[in-house]
């Protein structure tokens with residue numbers, strides 16, 4: 001293993017842990033003494049992704065994770081949650097009996113995970129994946145999300161989600177104020 005700091009070839013493993021289907025190793029360079037982390041994953045069969053235009057490209061878990069990270073930018077979703085979702089999606093794709101999957105199959109799996117993690121990230125990803133062109137497309141997707149949420153709440157016998165109603169009224173001075 002080459003040291004990323006000085007390119008020396010000899011490193012020693014300081015710590016090794018299993019993590020999400022891979023092995024995480026902390027290494028120390030025997031020349032400069034700096035530490036770095038490597039991840040090892042068992043090599044599996046390659047999956048080809050069939051894009052919308054018919055082109056085929058190798059599946060990349062890193063590309064999947066990057067897309068999810070973009071959707072979750074500035075949202076309260078941890079990297080660990082996204083890595084776990086990416087690992088689950090990757091494992092599910094590899095368990096299919098085919099070596100080729102459509103980008104739509106991958107997108108649907110990502111959407112389901114993001115819907116559970118963060119609704120804003122879900123809508124962001126859906127806007128790109130489903131190619132929203134108008135504001136109405138966003139409104140329809142948000143309405144679908146709300147309907148789904150209410151349906152799931154009823155199914156789980158949970159308390160219904162209150163709707164925030166904002167109304168304006170004119171106060172005694174003749175100015176509009178917001179009433180919640």
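Go through the range 6-26 and give me each residue that's over 26 Å from residue 83 (Cα atoms) and either surrounded by 13 or more Cβ atoms within 10 Å (Cβ to Cβ) or assigned by TED's automatic domain parsing to the domain that holds residue 79 (or both). Correct list: 8, 11. Selection of the range 27-74 for residues being part of a helix (DSSP H, G or I) and either touching a helix residue (DSSP H, G or I) at 6+ places or on another chain (Cβ under 9 Å) or outside the structural domain of residue 111 (by TED's automatic domain parsing) (or both) yields 61, 62, 64, 65, 67, 68, 69, 70, 71.
Scanning for something surrounded by 18 or more Cβ atoms within 10 Å (Cβ to Cβ) and either in contact with a strand residue (DSSP E or B) (Cβ under 9 Å, 6 or more places away or on another chain) or farther than 26 Å from residue 149 by Cα (or both), does the range 92-100 turn up at least one residue? Yes, there is a match, as at least one residue in the range 92-100 is surrounded by 18 or more Cβ atoms within 10 Å (Cβ to Cβ) and either in contact with a strand residue (DSSP E or B) (Cβ under 9 Å, 6 or more places away or on another chain) or farther than 26 Å from residue 149 by Cα (or both).
Restricting the search to the range 127-138, which residues are part of a helix (DSSP H, G or I) and loosely packed, with under 11 Cβ neighbours inside 10 Å? Walk me through how you get there before you give the answer.
First, pick out the residues of the range 127-138 that are part of a helix (DSSP H, G or I): 127-129, 135-138.
135, 136, listed by residue number.
The values are calculated or read from the model by the stated rules, or taken from the named source; none is laboratory data. Everything numeric in this text was worked out from a predicted model, so none of it was measured. Note: ideal-geometry Cβ built from the backbone for every residue, glycine included; neighbour counts use all protein chains shown.
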